[in-house]
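Encoded as structure tokens, the structure appears first; notes follow it.
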Amino acid sequence: MKIKLLSGIAIVGLALVFTGCQKYPQAEVDAANAAIEAARGVQANLYVPEEFNALQDSLTATLGAVEKEKSKLFHNYKDEVAKLVATAEQAKVVAANAQAKKEEYKQQTAALLTELTTLMEQNKEMLAKAPKGKEGKAALEAIATDLTGIETGVGEVNNKLASDDIINALNQAKALKEKATQINTELAEVMAKVKGRR
């Protein structure tokens, strides 16, 4: 009877050892890494850098916890598995946020290009009407050169949009609009002076 009791206790003890020693969560680690790479694939690191960096930090911390648990005699990855699954889910959210931000930037760029077209039309009209006296000739030639440069820049912005370089397209469109606005103000002042003289 004693032998049966002792062997029963030994079996229960072995069962506890094996249930307390979980398998390394490789599938969850791989899934979390793949989800973060998918977020990087839609340029989350560019469009939502803070969210993407937080995601990477979270994964790094969780992988550290997994390795710490692995070094123990009895492994229990329950908490780490939950964190890995949560990280993979969060990576999908970050990827969606990046795509939304990218679309927002595209729309901003398109709006800037529309405003820029209107400004350029106004600038060309005012330039054509501006007085071409000796003093103003050099200034008007410089403005004409700047307008040509802006038109070239618009072509570059469109090329960047076509090649999915949205952030640089937006930044260049902002700079071009600022330049066109300065020219518009300058020409408007010249036109106002001419009207004042009449």
*Find the accessible area per residue for segment 41-198; the probe is 1.4 Å, ligands and nucleic acids are left out, and the unit is Å².*
61
*May I ask you to compute the full-extension gain from LYS132 to LYS72, defined as 0.36 nm times their residue separation minus their alpha-carbon distance, rounded to one decimal in nm?*
13.0 nm
*Residue-wise, which Karplus ³J(HN,Hα) couplings in Hz belong to segment 152-158, taking 6.51 cos²θ - 1.76 cosθ + 1.60, θ = phi - 60°, and x for glycine or proline?*
4, x, 4, x, 5, 4, 4
*Which length gain, in nm to one decimal place, applies between LYS193 and ALA61 when the Cα-Cα distance is subtracted from 0.36 nm times their residue separation?*
40.9 nm
*Cα-projected label distance for GLU50 with ASN33, points at 7 Å along beta-carbon direction, nm*: 3.0
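Using a probe of 1.4 angstrom, how much of the accessible area of segment 105-198 is carbon and sulfur, in percent? Walk me through the numbers on the way to the answer.
Numbers: 3120 of 5840 Å².
Answer for segment 105-198 is 53 percent, counting heavy atoms of protein chains only.
The values are calculated or read from the model by the stated rules, or taken from the named source; none is laboratory data. Everything numeric here is computed off the predicted structure, so don't read it as measured data. All Cβ positions, even for glycine, are placed from backbone atoms using ideal geometry, and neighbour counts span all protein chains on display. These accessible areas exclude ligands, DNA and RNA; they are computed on the full protein's heavy atoms, side chains included. Shrake-Rupley method; radii C 1.70, N 1.55, O 1.52, S 1.80 Å.
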